[in-house]
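Structure record follows, encoded as structure tokens.
The values are calculated or read from the model by the stated rules, or taken from the named source; none is laboratory data. Because the structure is predicted, anything quoted here is derived from the model rather than measured. Every residue, glycine as well, gets a Cβ built from its backbone with ideal geometry; the counts of neighbours run over all protein chains shown. These area figures cover heavy atoms from the full protein model, side chains too; ligands, DNA and RNA do not enter into them. Shrake-Rupley method; radii C 1.70, N 1.55, O 1.52, S 1.80 Å.
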Amino acid sequence: MPVPGHPGKCHCGLRERQHVNPLSGIHPVHSRRFSVWEPFAILDLHYLRVPTRGSHDAWHHEKDIKEFPTDAYGSLFFRQDPKGFFKVAHYIRLSDDTRTWRSSQEPPSANNDNPEVLQLFVHVWNLLEPEPPRLVISFTGDEKRFSLEGVKKKTFMAGLMKTVESTNAWLLTDGSDSGLAKVVGQTVSQMQTITEVDGRQMPQIKCIGVTSYSSCKNKDSMLNTNVKNRNKKHFYESPTCAQDGDLVLNSDHTHFLLVDNGLHSPSSASVDSFRTRLEEALCIPSPRGLEVPVVMLLLDGGVRAIDRCLKALKRRVPVLVVQGSGGAADMLADFTVSYLPLSRGCDEEEEVLQNIYSKVPTYIYDLDEKQRMKCAKNVLECCKLENKITIYNIDTDSSLDKSILTALRTGKANPADELRLALEWDRVDVAESCLNAEIDNLSEVMRLALLEEKVDFVDLLLTSGFVMSSFLTVVELRNLYNLTKPKAHIRELLGHGNDDKPLKLNDVHKLLKQVVNSHSHRYYRDTNNLFDFCSTINKITFEDPYLELLIWAILTRRNNLAKYLWKTCNFPLNTAIVATCIYQGIRDKVTDSAVRAECKAMKDHFETIAIKLTDLSYDKNVTNSVSLIHQRHMRWGGLSTLDLALVARDMSFVSSPCARAGQGMRWEGIRVKFYVRISYRVLLMISHFVLVLFNLGFIPTYTEGILALVIASEAFEKGLEMLSNEPFSASYSSWNSYDVVLLIVFLLGFFLRSLSFLGSLSA
């Protein structure tokens, strides 16, 4: 259907000679729009016939453009000369009105009859593997003339790399091999890695190009013409020189959405509309969307970039403007700062609009009067939404990643949400500013920091006055054991590898008894019902919460956190040796070579720390140092630090100067004590025996009473020694022959003297 005034051109954008003869009844491939229909079947158009139209019928967009299942999808192979290998990217041709997310009435399903783009992302391309994104960065700017060279380019690429590494961000561009998209592709190429997931190779960084299908160069090579051969590889040859209006795809992108509106004249409106809906779908909470925050990055650009930013701001998508990149970015940055306190009066707005209109040519060239006025109005509308705009000056600031995080925080009123976002990004510097505001409850943030092993955040919270002793209750510690990551081997060690039964502290108590030989703690005996346990001691805290967290960190493979927590424990020397015991016990119980090597390295680390501590103490005071390693701890069954080192087989610690000196002093003391105790016990026995047997007729003397008290105290001491044993055991091994003989003599003498004394009283 010829366009009025252009008889040789059709409304669809093709020339008359490019159309198939309508008398044949075959509708041309290039005048149809293709959409994503399940199961992404290929349509063989050679067998599709449509009625022939009369010359009197007028051309209508909705009537003359029809949708069919897509005929172009699969994998594009980009030849990388002269390296001799190919880069692979997934692609699909889809309609510009394809749904981007499911409606609120539809449940999420992999086999939905009405497919949407997010279904393609999740169930076909598996973009959430191996790790879902925590951010989506949508780039907008000048697609062809954009240039960023020298220091600015290095700063931009370094900041983008850091952002992607910390958030696993998805990148959205126009997919072209020129301008801004090419710079983003170069950044991705420098840091791209391939990860294998369930036998499939997946790119770690997802860079998605959303562009117009009609503008693509060599688009005919992407069509699946053979229905029977759906797995054919499509090789994309980048042309040496492209005509005006043609778009060459960038080989560093991993996925392409080729938006088709049924027309063949290059048009950006349908692509921008589709991309805006896609960004909105990514932000929508689950299950309708992916609930991933989106931030738009504006570099350079023209009228189209300003229009895209305005649409994003109206949808509450934050915009980061890179000042210093030129074009629309500099214009929007300057006017946003200049007219930040803009009132909403009509007269003042008209004056501001005229001022912006007069300065538009300074930033954007080759605009007619109508385009200038449209651009000025859009800039003014953006200035009214300045609370969602963040300015980043690339000439003076090198932290692009921090500016992106600031953009996501823009407009947030809750400091706790900002702190959690900084924790997710692992940005301690941003968290410090968040802590300046009053936050009612930091417990959730501390819990997340511990579970994600964010050591810097744990240190920041403790430095800011967080009270760990109030946070770590008995129930909180048990919850931490039940919220472990999949890599933690705590369930394997406890024999709960395949069940979902909640762990109890009593399970940990049994494990510690196995690896340390002895363990005693009353709060670890939660063997009764879960509800009864929580209702009775759920608010009880620990005397040394850092020791409990250290044990938790070791058993759940949070080694960096364990190193930090050791510094805050009450008894660092004993805690270091206990850590070696636990690591040695785990190493003896597991079979995985990687875990065994990890435990060996950590055991050696804590043993080295213990040796350094004892050497430092030994150099200053030998006696105190020896007393320290011989100090007994009831938590570990009365074992001393040296005894625990023998359990852990810390031979380097046992052979240290302090331990050797302690062993020498210990044996010397045992030998002296042995002879002294034998001597005075024998003398006491003889004296008491003589006094009892040869003075039966007399009233007991004071000397005899003193001797009786001494012997009674010895017996009382032995009784306490038996009672302190766990479990209680009244075995003969707690006594020696001298004690037994002495006690028998004492009891016999006491009995005889009592008879004599009672007889004199009765007389």
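Pairs meeting the criteria (first residue in region 445-470 and on the phi > 0 side of the Ramachandran plot and among the charged types (D, E, K, R), second residue open to solvent by less than 50 Å² (accessible area, probe 1.4 Å) and part of a helix (DSSP H, G or I), beta carbons under 7 Å, at least 6 apart or on different chains) are 453/561. Looking across region 87-113, the residues that are at pLDDT 55 or above and over 20 Å from residue 283 (Cα atoms) come down to 87, 88, 89, 90, 91, 92, 93, 94, 95.
Contact annotation: no residue pair with Cβ atoms under 7 Å, 6 or more positions apart or on different chains, pairs a residue in region 561-574 that is under 15 Å from residue 469 (Cα atoms) with a partner that is among the basic types (Lys, Arg) and open to solvent by less than 10 Å² (accessible area, probe 1.4 Å).
If we scan region 124-143, do we find a residue that is modelled with pLDDT under 80 and open to solvent by 60 Å² or more (accessible area, probe 1.4 Å)?
The first filter runs over region 124-143 and keeps only residues modelled with pLDDT under 80, leaving 142-143.
Next, only the ones that are open to solvent by 60 Å² or more (accessible area, probe 1.4 Å) stay: none.
The answer is no; no qualifying residue exists.
All but one of (1) surrounded by fewer than 20 Cβ atoms within 10 Å (Cβ to Cβ); (2) assigned to a helix (DSSP H, G or I) hold for residue 450, so report the exception by its number. Evaluating residue 450 over (1) surrounded by fewer than 20 Cβ atoms within 10 Å (Cβ to Cβ); (2) assigned to a helix (DSSP H, G or I) leaves (1) as the failure.
What's the total number of residues in region 293-306 that are open to solvent by 10 Å² or more (accessible area, probe 1.4 Å) and either part of a loop (DSSP other than H, G, I, E, B) or in contact with a helix residue (DSSP H, G or I) (Cβ under 6 Å, 6 or more places away or on another chain) (or both)? Give the steps one after another, and end with the answer.
Let us first name the residues in region 293-306 that are open to solvent by 10 Å² or more (accessible area, probe 1.4 Å), namely 293, 300, 302-304.
Filter once more, so that each one left must be either part of a loop (DSSP other than H, G, I, E, B) or in contact with a helix residue (DSSP H, G or I) (Cβ under 6 Å, 6 or more places away or on another chain) (or both): 293, 300, 302-303.
The total comes to 4.
The residue that is farthest from the chain's Cα centre (by Cα), among those in region 353-377 that are surrounded by 15 or more Cβ atoms within 10 Å (Cβ to Cβ) and outside any helix (DSSP H, G or I), is 367. Residues of region 182-213 that are at pLDDT 85 or above and either small (Gly, Ala, Ser) or in a helix (DSSP H, G or I) (or both): 182, 183, 184, 185, 186, 187, 188, 189, 190, 191, 209, 212. Looking at this structure, is residue 601 part of a helix (DSSP H, G or I) and in contact with a helix residue (DSSP H, G or I) (Cβ under 7 Å, 6 or more places away or on another chain)? Here the answer is no, as residue 601 does not meet what is asked.
Listed here are the residues, each with its yes/no results for (1) within 25 Å of residue 316 (Cα to Cα); (2) in contact with a Lys or Arg (Cβ under 7 Å, 6 or more places away or on another chain); (3) without any contact (Cβ under 8 Å) to a residue 24 or more places away in the chain.
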residue: 348; (1), (2), (3): no, no, yes
residue: 351; (1), (2), (3): no, no, yes
residue: 366; (1), (2), (3): no, no, yes
residue: 370; (1), (2), (3): no, no, yes
residue: 373; (1), (2), (3): yes, no, yes
residue: 377; (1), (2), (3): yes, no, no
residue: 394; (1), (2), (3): yes, yes, no
residue: 408; (1), (2), (3): yes, no, no
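The residues of region 614-637 that are free of Cβ contacts under 8 Å to residues at least 40 places away in the same chain and not aliphatic (A, V, I, L, M), listed by number, are 619, 620, 621, 623, 624, 625, 627, 630, 632. Just so you know, in region 307-333 the residues that are assigned to a loop (DSSP other than H, G, I, E, B) and of a type in the set (D, E, K, R) include one that is farthest from residue 410 (Cα to Cα), and it is 315.
Does residue 614 satisfy being in a helix (DSSP H, G or I), within 19 Å of residue 511 (Cα to Cα) and open to solvent by less than 10 Å² (accessible area, probe 1.4 Å)?
On the way: in a helix (DSSP H, G or I): yes; within 19 Å of residue 511 (Cα to Cα): no; open to solvent by less than 10 Å² (accessible area, probe 1.4 Å): yes.
Considered against the rule, which asks whether it is in a helix (DSSP H, G or I), within 19 Å of residue 511 (Cα to Cα) and open to solvent by less than 10 Å² (accessible area, probe 1.4 Å), residue 614 comes out as no.
Kindly evaluate residue 403 against the criterion of being touching a strand residue (DSSP E or B) at 6+ places or on another chain (Cβ under 6 Å), open to solvent by less than 80 Å² (accessible area, probe 1.4 Å), modelled with pLDDT of 85 or more and of a type in the set (Ser, Thr, Tyr).
On the way: touching a strand residue (DSSP E or B) at 6+ places or on another chain (Cβ under 6 Å): yes; open to solvent by less than 80 Å² (accessible area, probe 1.4 Å): yes; modelled with pLDDT of 85 or more: yes; of a type in the set (Ser, Thr, Tyr): yes.
Here the answer is yes, as residue 403 does meet what is asked.
Screening 541, 527 for residues that are open to solvent by 10 Å² or more (accessible area, probe 1.4 Å), within 23 Å of residue 457 (Cβ to Cβ), in contact with a helix residue (DSSP H, G or I) (Cβ under 8 Å, 6 or more places away or on another chain) and at pLDDT below 90 leaves exactly one candidate, 541.
Restricting the first member to region 135-156 and to residues that are within 15 Å of residue 326 (Cα to Cα) and without any contact (Cβ under 8 Å) to a residue 60 or more places away in the chain, and the second to residues that are part of a strand (DSSP E or B) and open to solvent by 10 Å² or more (accessible area, probe 1.4 Å), the beta-carbon pairs closer than 9 Å and six or more apart or on different chains are 143/247.
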